[in-house]
Structures are given as C-alpha cells and as structure tokens.
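Report on one structure; see the data block that follows.
Just so it is clear, none of the values below were taken in a lab; they were calculated from the coordinates. Just so you know, these numbers come straight off a predicted model, no measurement behind them. Heads up, the Cβs are rebuilt from the backbone with ideal geometry, glycines too, and the neighbour counts pull from every protein chain shown.
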Amino acid sequence: MHSIVDLANNTRVYDVASVTPLNLAHQLSVRTKNNIYLKREDKLAIHTFKLRGAYQKISGLTKAQAAKGVVTSSAGNHAQGVALSASKLGIESVIVMPMSTPKIKVNAVERLGGKVVLHGDVYDDAYHYAKQLEKQQDLVFVHPYDDIEVMAGQATIAKELLEQLPNMDKVFVPVGGGGLIAGMATYIKHYAPNIKVIGVEPEDCPTLFEALRQNKRVILPEVGRFADGVAVRQIGEKTFEIAKQMVDEVVLVSNDEICAAIKDIYEDVRSISEPAGALATAGVKKYIENNNIENENIVSVVSGANVNFDRLRYIAERADLGEHNEAIIAATIPEQPGSFLKFCQMLDNHAITEFNYRYAPNQQAHIFVGVALSEGLSEKEALITKLSKSFDVLDMSDNSIAKTHIRYMVGGRADADNEALYRFEFPERPGALLNFLNKVGAHWNISLFHYRNHGADFGRVLIGLQVDDVSKLERSFDELGYFYQNETDNKAYQYFL
C-alpha cells in the first residue's frame, strides 16, 4: 500500500493535470454551521478527476506495452481520461462504451483521439467486450479503478488537499468502483491518520456500503443509473482490500438529495456538477444533519461536471424535494361545492407549486398538490398535521412513482379490469421505446402508459396492462432483460389512476 504513496509523491500526472482549486462554499458553510470546502476536480481539462489515474497508468507503460496500444471500457469520464492521456503520449487507444452512452460523451472521446466502439446496454457489457479485445488484438487494458497505478494517480488529490488545508477534519469522497477513495484514503491515512475519510454512495447503488456490511465483495442485483459515473455493481477487488482498512464510514444519499447538492454547488461556485460529481456534497449535508456537527473543516470532492444539458430539467425539478423546499401531498376531499376552496384556504400563505384535480363522479375526489416550503421538514410535518384534521392526507414527497410519473399525468381513474401497473427502465437509444412496445403490447392490452424523456441514459416508463396471469406476464418481462417493478399496490396509482 505504501507503493500508492510513493507513486503519488513521484507522480507524472502534472504533465496533463494542474493542482485544482479548493473553494470555500460560503452559503453552504453558513447554512450547515461548518466550513465546507469544495475540491474542484471539475476544473481539470476533461472536467473530471479520471484524467489523473489514466495518465499515471499509461505514462508508466514500457515501450513494448505502449507500442501495442491501450483498451478500456467506460461510460464516459474514464474514457476521456484514457483518450487524452494516450494522445498526449502518442499511443493508440480503443474505448468501449455502452450503446446508451450520451452522444456528448462519445463526441468528447473521439475529439480527444480515442477510437470509440459502442457495445452492449450497460457498463458491464462494455467491460467484458473490452477484455475480449485485449486478448484478440493484444492491447493493454487500462482498468478504470482496480489498479495500483490508477489509484496512485487519484491519490494526488489527497496530496494537494494536505497542502491546501492541513487542518481538515473530514473529507467526503464519491464511490463507484473504489479507485478514488482507495487512493485518497491510503495517502491521507499515511500522513494524517486523524482525518476521517468518508465514502458517499447513492442509496440505489450501495456497492462499498454492502461490501463492508457483509465483509465481502457483493454483486448488486441492480444499480440505479441516475449517478451514472458511480453505477458499478461490484466494488473492485484491490480497492475493497484497501477501503476495508482505510475508510472510516460510508453515507448513502437519495437521488433527490444529489439534485439538491448540484443546486448548492451551482449557487456557491457557479459550476454545474454531474450527479456523481455532487455525490460527496450530498453526503456532507446528510452527515452533518444526522450527527449534529458544527465548526469543522470539511472537504467535499466535486469529482466531475460532464452532465447532459437535457438532464438539467429533471435535476431542477427534484432539487427542491431533495432540499425539503417542496412537499407533494395527496388529499381526499368531498366532491361537493366549497370543499376545494376550504382545502386551499387551509394552505394559508404557502406558495402552490403544482395543483392537479379532476372531477370524480363518486362522493370523493383526490387532489395532487405541490407546496413550497421555507423551513424544511418541520414545516411540512406541521402542514400535514393541520390538513389531516379536516381531510384524508398522504405525504407523497418520497413516492418515486408520484414524482417521476403521476404528477405529469393526473387525469382521472379508469375502470380497467385486471389492471396491473409496472415501472420499467430501459437503455435510452433510438428505437428502444418502440422495441419495448413491440415486445409488451402485442400480447396484452395496454390500459395506461406514461413515458417522459429526462435526458438520462435510461428511459423510464409506467405501464398498465390488463392481465389474467401475472406470473406469465412477468416471465415475459424477465426475457426482455430490462429492470422492472410491480407498482400495483402503490398509493399514488391507487389514488389517481
């Protein structure tokens, strides 16, 4: 493990990288009553820390290895690091990327001199194909994280931090495959073992969290793809051995909390992070809130800013929910004159961000309301308590179906016999939606459908089907190979659709 420290101290990465700034996040610091510093890895040439590890590895190849050329697999950021590093050193590079990779990232890799091969739906498919090419074409594989040289390149961030802020108390680091946190933790613990190194992962991608909990590397059955830069199903073998010894704790955050952190970073330094880039900052906020910490020097690694412009709409919509600046409420009111007005009056002076209502022919109606909050969770709880005295109220602020689909499609309930509701995710590429419909819609009657492009790598569909045999239906879904979830019991569906 000392080899990581030695390699970082004698690094070659500054041939292509510069020392990145450490900015005080003023507004976030005041709100959290701590000194929050942002380590700006988004300021590097390719807007991500991945350049460090890639160059450290490739610049250390022998002449014979360099003559062969390199190959790697990546959904974006590591790909750019390898392409730029290889070009700088006059080495040919082949980059295998999933077919769902956004065009902006493919173009960036090609612009930097990499030869792009699109293969498979997800990162794991691209990885296996890259390993095939390594053997078939006698190339040198550059692993995105599970390599000592790559970790040493990432460790140079810790080297800079100890010079920029030697009296830091904690550093929060995003975790995917573990290369960044393994490298940084090794370096920090060698020179300053008192500094806590805390990993941050999305709740739907707890790779290191689960490995530490079970004391073994586990393969997650499914990973969330919102923070695509850390969407890895299994922590690295070498990185886990290091993380077990060096990492103090792991924090899990929701996608809405990540969106709120993107907004925080933008408001303080006017930079738009990608979801994985803001992951550590979301972890900082959650950790401070859960542990009542004050007056500490805390560093968050802003690891990247390669975000699709189309995704900003989704991020902005969810940021207020993640910051607890908006509540989504479902309420049942009597279908009679005056009840709608009475409900609105009870909201007092709260700003309404959204209101969905449709006449129902029976005795009760359901309304879907977005309410702006200024004092967070306590204010929401007080409002719901007040409304509950007169109406049947449900808090839907944490209901994924309500936030992703229902709010865009409230329009009445159907009397569709034997309706089952499912949520799907599939790779967002030309023809994917049509392919999905061809496979599903040919055998069962579709009674409900909602799809909305969020500018992400994966499309999200809510579908209702009239079906007699659910087990047969789900066997058919299994053959599709896409992630799906039965949502028939979801309260948002039962109330509004």
Item checked: Modelled FRET efficiency - R0 35 Å, residue 388 with residue 488, Cβ distances, 0.05 increments -> 0.85
Notebook entry, point to check: Highest mean first, what order results for 371-383, 483-495, 161-173 on Cβ atoms within 10 Å?
Noted result: 161-173, 483-495, 371-383
Margin query: With every atom except the alpha carbons ignored, what do you get for Rg and Dmax of segment 324-398, in angstroms?
Written below: 11.9, 38
Note to self: Students often check this: by mean Cβ neighbours within 10 Å, which of 136-144, 398-406 ranks highest, and how do the rest follow?
What the structure shows: 398-406, 136-144
Check: Direction-averaged shadow area of the convex hull around the Cα atoms of the chain, nm²?
Finding: 24.5
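Can you show me the helix-derived [θ] at 222 nm for the chain, built from DSSP H runs with n ≥ 4 at -39,500 (n - 2.57) apiece and divided by the number of residues, rounded to the nearest 500.
After summing the helix terms and dividing by the residues of the chain, the value is -12000 deg cm²/dmol.
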Next item on the list: Take every Cα-Cα distance within segment 50-141, group them into 10 Å bins from 0 onward, and report for each bin the whole-number percent of pairs it holds.
Entry: 20, 54, 25, 1
Notebook entry, point to check: Net charge near residue 246, counting Lys/Arg +1 and Asp/Glu -1 over other residues with Cβ under 11 Å of its Cβ?
Noted result: +1
Next item on the list: Quickly rank 177-183, 416-422 as a protection proxy: mean count of other C-beta atoms within 10 Å, highest first.
Entry: 177-183, 416-422
